[in-house]
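Taken together, the values in this text are just the output of simple stated rules run on the coordinates, not laboratory data. Computed from a predicted structure; not experimentally measured. Cβ atoms come from the backbone with ideal geometry, glycine included; neighbour counts cover every protein chain shown.
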């Protein structure tokens with residue numbers, strides 16, 4: 001069993017940097033974030049450690065209830081956007097030409113493009129709706145003014161990544177082959193919030209790349225990195241970090257890499273994981 005990485009009050013305090021995935025780890029699109037997770041992360045920070053959000057969501061899609069958690073900083077869009085104390089330190093955008101070509105290719109092969117940026121998300125509601133994903137209206141509601149249609153913005157798409165939705169009759173293999181020069185691909189099939197989706201991230205970027213950049217900028221030692229996650233887009237950060245905690249609801253591949261498997265998100269998973277590590 002993994003030993004506690006720091007004993008509170010032991011006299012040998014060593015500051016840790018903990019990176020938390022969002023969906024399935026600290027939040028749910030319908031239920032929000034459990035109070036136990038908010039309290040645990042707040043206590044973690046009060047105890048002198050750092051707490052970073054590290055999400056596949058683009059910055060535009062980080063909801064208010066996550067904004068209320070006093071994170072040290074935020075890595076979004078799988079490493080494409082980094083901010084601390086409300087200041088955007090880095091933001092990787094695809095060119096407008098690359099973004100529009102991606103839309104054309106995805107549609108050619110019957111897929112539905114959801115274009116994700118730091119300030120806006122773009123999709124056409126007649127194309128992306130509850131017939132494609134049951135939670136599509138929840139996303140539109142959560143985005144508010146941060147939603148834009150693709151139509152009318154074809155030459156003004158400011159995006160970090162794409163969630164391309166797989167629908168009956170689509171050909172994701174051909175679409176990925178044609179766009180392989182631009183993107184890394186993460187497949188989500190029947191997996192929680194993502195549903196049947198190919199997550200498309202600019203080549204050279206991942207959650208691990210985002211964490212490594214934060215560590216370089218803020219002089220965080222690798223031995224002090226801890227990650228909490230549950231899904232396939234957490235694989236890179238589980239391969240990178242020193243200590244890995246999988247949620248009880250995590251995908252099998254994540255659990256396999258974990259040093260410790262905590263309980264699920266709504267059964268005190270964050271609280272139990274941080275207590276197990278001796279951080280709260």
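If each of residue 154 and residue 174 carries a label point 7 Å out from its Cα toward its Cβ, how far apart are those two points in nm? Taking the simple label geometry, residue 154 and residue 174 are separated by 2.1 nm.
Could you put 65, 240 in order, starting from the residue whose Cβ has the fewest other Cβ atoms within 10 Å?
65, 240
If you take the Cα centroid of segment 127-190 and the Cα centroid of segment 196-228, the two points sit 22 Å apart. Of the residues 246, 258, 77, the one that moves most in a GNM of the chain with alpha-carbon contacts below 10 Å is 258.
Within the chain, antiparallel bridges make up roughly 55 percent of the DSSP beta bridges whose residues both belong there. Projected label points at residue 267 and residue 217, each 7 Å from Cα along the beta carbon direction, are separated by 3.7 nanometres.
A simple spin-label model places the labels of residue 203 and residue 107 2.5 nm from each other, with each point 7 Å out along Cα-to-Cβ.
Taking every DSSP beta bridge that has both residues in segment 96-202, what percent is antiparallel when rounded to the nearest 5? Write out the running numbers ahead of the final one.
Working: 18 of 20 bridges.
Among the beta bridges of segment 96-202, antiparallel pairing accounts for roughly 90 percent.
Which part of segment 199-217 falls in the paramagnetic zone of residue 185, meaning amide N under 13 Å from the point 7 Å along Cα-to-beta-carbon? Counting backbone N atoms under 13 Å from the label point, the list is 199-201.
Most exposed first by the Cβ proxy, i.e. fewest other Cβ within 10 Å, how do 186, 211 rank? Walk me through the numbers before you get to the answer.
Working: 186 22, 211 25.
Result, fewest neighbours first: 186, 211.
For a test of the definition: using alpha carbon positions, the gyration tensor, and the 1.5 limit on a/c, classify segment 130-187 as rounded, prolate or oblate. Oblate. The order of 234, 224, 126, going from fewest to most other C-beta atoms within 10 Å of their C-beta, is 126, 224, 234.
What number, in percent, do you get for the relative contact order of the chain if the mean sequence gap of Cα pairs under 8 Å and at least 6 apart is divided by its residue count?
Details: 584 pairs, mean separation 66.1, N = 280.
It comes to 24 percent, rounded to a whole number.
Can you classify the chain as rounded, prolate or oblate using the Cα gyration tensor, where a ≥ b ≥ c are the square roots of its eigenvalues, rounded means a/c under 1.5, and otherwise it's prolate if a/b beats b/c and oblate if not?
Numbers: a/c = 1.89, a/b = 1.80, b/c = 1.05.
Judged from the Cα gyration tensor, the chain comes out prolate (a/c at least 1.5, a/b above b/c).
Segment 61-76 and segment 240-280 have their alpha-carbon centroids 20 Å apart. Here segment 163-274 carries DSSP beta bridges of which approximately 60% are antiparallel, counting only pairs with both residues inside.
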